[in-house]
Amino acid sequence: MTDEELIWRISGGSGDGIASTSQNFAKALMRSGLNVFTHRHYPSRIRGGHTYTEIRAAADPVDSRGDGYNFLLALGDSFARNPQEGAVYGNEEIKPLSENLDELREGGVIVYDEGLLDPSEIPNFDERAEENDWHVFPLDLRGLARDMGREVMRNTAGVGATCALIGMDLEHVEDLMRDAMPEKILDPNLEILETAYDQVREEYDVDGVDVSVPTGEHEETQLLMSGSDAISYGAIDEGCRFIAGYPMTPWTEVFTIMTQNLPELGGISEQVEDEIAAAALAVGASHAGVKAMSGSSGGGFALMSEPLGLAEMTETPLVLVEAMRAGPSTGMPTKPEQSDLEHVLYTSQGDSQRVVLAPGTVEEAYEQSRIAFRLAYEYQIPTILLYDQKLGGELKNVPKSHFDREPNPTLGKTLTEEELAEQPHSADGKFHRFQHDVEDGVTPRSIPGQKGGRFLATGNEHDPTGHISESPDNRVAQIDRRTQKLEAIRADLDTEDTSSYAGPDDAEYGILTFGSQQGTVEEAVGRLNEAGVSVKSLGVSDMLPFATEEVEAFIESVDEVLVVEMTASGQFRGLVQKNLGRYGEKLSSLLKYNGNPFEPAEVVDGFEAAIIEGDGDASDHQTTFVPAAGD
């Protein structure tokens, strides 16, 4: 889809209200009947630094960012550190305009705030505008805002100018403003919105603009949600009532949403001194009989290794979320990457047992958040939701009916006091919490305070009552029993719809991916098939226990497979080959790790270069091709 869509980019500085303005405009487009998908790019600063948000809007469903964009609203950076070209970060004042030109499509629109931006500072700006047939509209948005109220309202003026140029009625924007703004600032904002709209319509020939807003209609009520929203609401609907955490981008969004909602539901949120304490508190809360979660991003999750291992050894149900970002160390805190996969799979001590799910869409984030809690509490095992800054922060519309599901507050295989009386106990009255011979490896669980439910919980290997034991026979029995859970969980997951397919069943070629690149890959598959290339895709969510049989059947059904992921080391391809090593000669990789997610065209071009042409030349994009082992 490249023609009948609006891809609107608003740029400015961090702190200039770019995120809130774009979110409200996305809602207005959604309420007008369109499907929307947002992509956010921002620096790791509190204030200042070039940031932008894209909104892709179309009548048809959209599940990915687009290829470039066709409308730029450049507001300037109110907090630029240094306007000098020779400064460490360059001339930051001009970046909201200068750094957004390369991806603007031919025939695109530029509206820039001439109160802050001077295009004469950009080499060859006029020549580029003419060559690309850009429609350029300088507007003194800052001056207009100052004259009518406050400078911050230049964002509102920019939205008004946008609506005038793309032929969008102001009704839905005004309705949103009435819903969100207090009366004190509502009237001046409505006035500046309409003034900017009228000014553009009166002063410019808008009929000559090539970009217009599409028209569409929704059959049911839509919600605008991010992956962070979906994970949080899935946790709440599955009965989570405790969260502990420490802020770290981008996991903070889940922590914030849960913190805002849990008190109204009788739950508790605790911000603690570090991530070790956060995970330990969640383990303790779950041990006490509450559905609990914690989480972090890469560096913080590293600190959770010890309490994660404790939860595995004590078989305490727990859900952790890990929001990947570019690393190692602090890395690029606000940029997406998928290179924490191996970290999440293998951190901890010894032969550990855990579940790792990596949802690929907002819808899957909700569904798999609920699955994560169900598996954790039914099988008494830590379950980790692995996602990234892209999925956590991007917004898309989802039908409200998708979330019309029954809540599940149950704690899994937890015994009543009557049932406990029938369970085996030692002579001193201790409950055999860690019995050897049980179905699916899951032992019945008691909650502290229950009569007849007393046992010991320790991080050491232990006998059925929890007493420390180094008996070889006991060690083998306990390890085998805990490992048995993963076999049962794999069979359980086979009944869930956690994978995503696109393309014809009998396709000649395949693309494998995981996590947030799923929608982008599926759009690329659609384009390739339209161009006559027979290809299908599989988006995998079950990282551990791995969906071995499903992935094997997919690889077997095609001649070659391209593995698409945002890592430099091909970690997902490595996981596939760890489980299905005999197919190594069928697998090649398309990698991207520059801090930006794939665009559909990059996947299309990378596939054609790697698989169809066989030369692996993807030099037009910042992507890397790694051939199959036998090439």
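The values are calculated or read from the model by the stated rules, or taken from the named source; none is laboratory data. As the structure is a prediction and not an experimental result, all values here were calculated from the model. Here the Cβ positions follow ideal geometry from the backbone for every residue, glycine too, while neighbour counts run over all protein chains shown.
Taking the condition of being in contact (Cβ under 8 Å) with a residue 12 or more places away in the chain and either among the polar types (S, T, N, Q) or not in a helix (DSSP H, G or I) (or both), how many residues in segment 170-208 meet it?
5
With respect to A59, is the statement that it is small (G, A, S), crowded, with 19+ Cβ neighbours inside 10 Å and in contact with a strand residue (DSSP E or B) (Cβ under 9 Å, 6 or more places away or on another chain) true?
The answer is no for A59.
For L117, are the conditions met, namely being part of a loop (DSSP other than H, G, I, E, B), assigned by TED's automatic domain parsing to the domain that holds D67 and not aromatic (F, W, Y)?
For L117, the condition - part of a loop (DSSP other than H, G, I, E, B), assigned by TED's automatic domain parsing to the domain that holds D67 and not aromatic (F, W, Y) - is met.
Of Y69, Y52, which residue is in contact with an Asp or Glu (Cβ under 7 Å, 6 or more places away or on another chain) and under 21 Å from N100 (Cα atoms)?
Y69
If I filter segment 430-464 down to residues being of a type in the set (G, A, S) and touching a residue at least 40 places away in the same chain (Cβ under 8 Å), which single residue comes out as nearest to A477 (Cα to Cα)?
That would be G441.
Take V136 and decide whether it is outside any helix (DSSP H, G or I), in contact with a helix residue (DSSP H, G or I) (Cβ under 7 Å, 6 or more places away or on another chain), of a type in the set (V, I, T) and in the same structural domain as Q23 (by TED's automatic domain parsing).
Yes: the conditions hold for V136.
Within segment 561-570, is there a residue that is among the acidic types (D, E), touching a residue at least 60 places away in the same chain (Cβ under 8 Å) and more than 24 Å from E363 (Cβ to Cβ)?
No, there is no match, as no residue in segment 561-570 is among the acidic types (D, E), touching a residue at least 60 places away in the same chain (Cβ under 8 Å) and more than 24 Å from E363 (Cβ to Cβ).
Among the residues of segment 464-489, write down those that are of a type in the set (D, E) and over 41 Å from the mean Cα position of the chain (by Cα).
E470, D473 - these are the residues of segment 464-489 that are of a type in the set (D, E) and over 41 Å from the mean Cα position of the chain (by Cα).
If we only count helices (runs of 4 or more DSSP H) wholly inside segment 252-346, which ones have 1 or more residues that are farther than 28 Å from S516 by Cα and either not assigned by TED's automatic domain parsing to the domain that holds F373 or not aromatic (F, W, Y) (or both)?
Answer list for segment 252-346: 275-287, 305-314.
Residue-by-condition table, conditions (1) in contact with a Gly (Cβ under 6 Å, 6 or more places away or on another chain); (2) outside the structural domain of S296 (by TED's automatic domain parsing); (3) farther than 26 Å from L310 by Cβ:
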{"position": "V356", "(1), (2), (3)": "no, no, no"}
{"position": "E364", "(1), (2), (3)": "no, no, yes"}
{"position": "L391", "(1), (2), (3)": "yes, no, yes"}
{"position": "V442", "(1), (2), (3)": "no, yes, no"}
{"position": "S446", "(1), (2), (3)": "yes, yes, no"}
{"position": "F455", "(1), (2), (3)": "yes, yes, no"}
{"position": "T465", "(1), (2), (3)": "no, yes, no"}
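Just one of the numbered conditions (1) within 26 Å of G327 (Cβ to Cβ); (2) not in a strand (DSSP E or B) is not true of V563; which one?
Answer for V563: the failing condition is (2).
Which of the numbered conditions does G143 fail, given that it passes all the others? Conditions: (1) on the phi > 0 side of the Ramachandran plot; (2) at pLDDT 90 or above; (3) of a type outside the set (V, I, T).
(1)
How about segment 227-275: which of its residues are surrounded by fewer than 24 Cβ atoms within 10 Å (Cβ to Cβ), in contact with a Leu (Cβ under 9 Å, 6 or more places away or on another chain) and polar (S, T, N, Q)?
Matches in segment 227-275: S269 only.
Checking the structure you have, find out if any residue of segment 43-53 is modelled with pLDDT of 95 or more and in a strand (DSSP E or B).
yes
With the requirement that a residue be assigned to a loop (DSSP other than H, G, I, E, B) and modelled with pLDDT of 95 or more, what does segment 412-421 give you?
Result: L415, T416.
Based on what the data block shows, is L308 among the aliphatic types (A, V, I, L, M), buried (at least 20 other Cβ atoms within 10 Å of the Cβ) and under 21 Å from the mean Cα position of the chain (by Cα)?
No; evaluated as a whole, the condition is false for this residue.
Against the condition assigned to a loop (DSSP other than H, G, I, E, B) and either assigned by TED's automatic domain parsing to the domain that holds G327 or without any contact (Cβ under 8 Å) to a residue 24 or more places away in the chain (or both), how does G595 come out, does it pass?
The answer is no for G595.
Looking at segment 462-483, is at least one residue touching a helix residue (DSSP H, G or I) at 6+ places or on another chain (Cβ under 6 Å), small (G, A, S) and over 23 Å from P317 (Cβ atoms)?
So far as segment 462-483 goes, no, none of its residues is touching a helix residue (DSSP H, G or I) at 6+ places or on another chain (Cβ under 6 Å), small (G, A, S) and over 23 Å from P317 (Cβ atoms).
From the list A507, A524, which one is of a type outside the set (D, E), surrounded by 20 or more Cβ atoms within 10 Å (Cβ to Cβ) and in a loop (DSSP other than H, G, I, E, B)?
From the options A507, A524, the qualifying one is A507.
Does segment 103-121 hold any residues that are surrounded by fewer than 18 Cβ atoms within 10 Å (Cβ to Cβ), under 20 Å from G13 (Cβ atoms) and out of contact with any strand residue (DSSP E or B) (no Cβ under 7 Å at 6 or more places or on another chain), and which are they?
Answer for segment 103-121, where residues must be surrounded by fewer than 18 Cβ atoms within 10 Å (Cβ to Cβ), under 20 Å from G13 (Cβ atoms) and out of contact with any strand residue (DSSP E or B) (no Cβ under 7 Å at 6 or more places or on another chain): D118, E121.
Considering only segment 4-33, how many residues are in a loop (DSSP other than H, G, I, E, B), out of contact with any Ser or Thr (no Cβ under 9 Å at 6 or more places or on another chain) and either crowded, with 22+ Cβ neighbours inside 10 Å or on the phi > 0 side of the Ramachandran plot (or both)?
1
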